[in-house]
Each structure stands twice: as structure tokens, then as C-alpha cells.
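Read the structure below first, then the notes.
The values are calculated or read from the model by the stated rules, or taken from the named source; none is laboratory data. All values derive from a computational prediction rather than experimental measurement. Positions of Cβ are generated from backbone atoms using ideal geometry, with glycine treated the same way; all protein chains shown enter the neighbour counts. Surface accessibility is based on the protein's heavy atoms, side chains included, excluding ligands, DNA and RNA. Shrake-Rupley method; radii C 1.70, N 1.55, O 1.52, S 1.80 Å.
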Amino acid sequence: MAKIKKRLTISEEFEIMKLVLDKFLWLGFIVMAFGMYTMYTGPFVDGLVWIIIGAIILILFMIIIVREYEIIK
């Protein structure tokens, strides 16, 4: 028996994308906050590296999500 796939409306798809984006933003924020903590407690350069990594994570996820959203549209 073949399963029938349910199509999402544009608003449902957008709501799911917002939920996923929120999780990625939290991940990037946590990495950057850890970098700030490391800058305060340890070597400045180590903290700066963590902040840059957090920024890269945010930019990568932003690019991936925008690409996927444009393809689905």
C-alpha cells in the first residue's frame, strides 16, 4: 500500500523553517557566548577564535536555509 504524501501550505512550511532557524541561531549564539567567556577567563585569542567559529556557523546555516527556501519556492 503506497503512502500518500501530504503537501504543506506555504504558511506551514514557513513556520517549520522558522522553528529550524531558531535552533540554528541558538547554536551560533551559544558558541559565540562561549567565546566571550573564554576571552574573559583565558587567552584573548582563543575566545576570538570561538567567536569567529560561531559567526561562521551562523553564516553557513543562513546560506543553507536561504538556498533551500528558494528551491522549495
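Things to note:
- Tabulated pairs, region 6-23, first closer than 15 Å to Glu68 by Cβ, second of a type in the set (Phe, Trp, Tyr), C-beta under 7 angstrom, 6+ apart or interchain: Met17/Tyr69
- Options Lys23, Lys5, Lys18; residue that is at pLDDT below 80 and out of contact with any helix residue (DSSP H, G or I) (no Cβ under 8 Å at 6 or more places or on another chain): Lys5
- Residue in region 27-50 that is of a type in the set (D, E, K, R) and touching a residue at least 40 places away in the same chain (Cβ under 8 Å) present: no
- Selection of region 31-44 for residues being part of a helix (DSSP H, G or I) and open to solvent by less than 100 Å² (accessible area, probe 1.4 Å) yields Val31, Met32, Ala33, Phe34, Gly35, Thr38, Met39, Thr41.
- Verdict on Ile65 being free of Cβ contacts under 8 Å to residues at least 40 places away in the same chain, in a helix (DSSP H, G or I) and of a type outside the set (Asp, Glu): no
- Restricting region 45-73 to residues that are modelled with pLDDT of 80 or more and of a type outside the set (A, V, I, L, M, F, W, C), the residue that is most open to solvent (accessible area, probe 1.4 Å): Arg67
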